[in-house]
Amino acid sequence: FKINMEELKLLEELGKGQYGTVQKVYHKPTMVTMAMKETRLELDQSKLNSILMELDVLHKSQSPYIVDFYGAFFIETCVYYCMEFMDAGSLDKLYQIGVPEDVLSVITLSMVRGLKFLKDELAIIHRDVKPTNVLVNSEGEVKLCDFGVSGQLVQSMAKTHIGCQSYMAPERISQGKTYTVQSDVWSLGLSIVETAEGSYPYPPEKYNSVFAQLDAIVGSPPPPLPGTYSEDARDFVALCLLKDARARPTYAALLEHPFLTNHKESEVDMKGWAVKAMEARIAREEEAKKQTQSSSA
Ligand code: ATP
Ligand code: MG
């Protein structure tokens with residue numbers, strides 16, 4: 001089905017990224033709550049149409065590890081992308097309560113399955129694996145979003161500048177190599193370390209400039225998982241973060257790794273963790289709201 005703005009009731013803002021805003025919306029005809037991402041692009045009508053056509057493949061394929069796509073439309077030069085609303089939020093807003101090894105294992109398993117699905121079923125590489133693009137719901141499900149489905153969209157959003165948190169693989173920084181599956185594997189490894197550590201592994205305040213930070217990504221030994229995690233978990237991450245891109249494991253190999261096979265998925269209380277993490281996130285957000293209210297009063 002097709003979605004248009006008139007059918008949507010706009011609810012609260014869920015977050016802001018480099019390219020636009022994500023808003024919670026209610027689709028009246030189907031009574032489904034969705035997340036709508038608005039991206040401002042300076043493109044002509046024909047390019048916008050080709051983006052919509054490229055996004056259409058998402059209607060034909062579904063995976064439990066990929067956020068559902070409901071439809072897209074554009075108004076003037078903004079693309080509006082409607083997807084499944086994930087009530088717990090993205091990983092970067094959840095890991096603050098701590099992530100036990102079994103939970104980390106299932107999060108990683110979901111991410112690898114999602115990435116493998118994109119590659120095998122849609123022949124696409126994600127290109128933007130990072131905690132803000134890993135979403136969780138209160139059922140404890142973990143799904144990926146914001147992958148590069150549309151070549152046209154990827155091109156028109158081509159990063160003009162890199163933020164202060166780079167998940168770019170070393171070979172892309174130092175040799176300007178184009179994206180490959182192996183670069184996604186690096187970003188996966190870095191995202192796991194961040195999730196376990198509770199913060200981005202190359203903190204900008206530790207470096208004098210973005211150059212020094214990128215230099216560290218290329219030249220220093222990769223960040224390890226904290227010592228509180230098992231040898232298997234640490235080995236898994238070290239393999240993803242190998243500096244030599246060709247030496248990094250394939251998704252099939254990662255799925256066989258003991259870090260993923262040693263935990264029985266059905267016995268891990270993902271729902272319990274997700275609900276606790278979501279409650280802590282909401283409490284933090286309310287606290288922050290109170291702070292801004294009292295300081296502006
Ligand atoms: P960047 O622009 O660098 O990719 P980002 O991923 O944080 O960063 P957006 O993709 O615009 O930026 O998303 C903004 C925020 O909205 C995310 O951090 C996430 O917390 C939230 N969000 C995105 N999609 C959903 C969704 N489907 N359900 C719930 N929350 C979402
Ligand atoms: Mg995103």
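Bear in mind these aren't lab numbers, they're just calculated from the coordinates by the rules spelled out. It should be emphasised that the depicted structure is a prediction, and the values quoted were computed from it without experimental measurement. Note that each Cβ is placed from the backbone with ideal geometry, even for glycine, and that neighbours are counted across all protein chains shown.
The distance between label points at Q62 and E256 comes to 3.2 nm (points 7 Å beyond Cα on the Cα→Cβ vector).
Hey, for a label at K264 modelled as a point 7 Å past Cα toward Cβ, could you say which residues of region 100-122 have their backbone N under 17 Å away? In region 100-122, the label zone of K264 (backbone N under 17 Å from the point 7 Å along Cα→Cβ) covers 102-103, 105-106.
In plain terms, if you count all Cα to Cα distances in the chain and split them into 10 Å steps from zero, the share in each step is 6, 26, 35, 25, 8, 0 percent. Residues whose amide H comes within less than 5 Å of that of L14, counting only those at least five positions distant or on another chain, are V22, Q23, K24 (H built at 1.01 Å from N in the peptide plane). Of V57, V142, V79, the residue with the greatest mean-square motion in the GNM of the chain, using alpha carbon springs below 10 Å, is V57.
Global dimensions of region 148-297 from alpha-carbon coordinates: Rg and Dmax equal 18.6, 57 Å. For Q96, neighbours were defined as the other residues whose beta-carbon sits under 14 Å from its Cβ, and their charges (Lys and Arg +1, Asp and Glu -1) total -2.
At full extension, V218 and A288 could sit 21.6 nm farther apart than now, given 0.36 nm per residue minus the alpha carbon distance.
Computed 3J(HN,Hα) for region 39-48, one whole-Hz value per residue from the Karplus formula 6.51 cos²θ - 1.76 cosθ + 1.60 where θ = phi - 60°, is 10, 8, 9, 9, 10, 7, 4, 5, 5, 4, glycine and proline marked x.
In this Cβ point-charge picture (+1 for Lys and Arg, -1 for Asp and Glu), region 131-220 has a dipole of about 300 debye about its Cα centre.
Would you mind telling me which residue in E279, E12, E265 has the biggest mean-square fluctuation in a Gaussian network model of the chain, where springs connect alpha carbons within a distance under 10 angstrom? In this elastic network of the chain, the residue with the biggest mean-square fluctuation among E279, E12, E265 is E12. Eigen-decomposition of the gyration tensor built on the alpha-carbon atoms of region 82-180 gives equivalent ellipsoid semi-axes of 24, 16, 14 angstrom, largest listed first.
Using the structure shown, select from K37/K143; K206/K243; K60/K130; K60/K143 the pairs with a Cα to Cα distance greater than 19 angstrom. Long pairs (Cα-Cα over 19 Å): K206/K243; K60/K130.
The ellipsoid that matches the Cα gyration tensor of region 225-265 has semi-axes, each √(5λ) in whole angstrom, of 18, 15, 5, with the longest given first.
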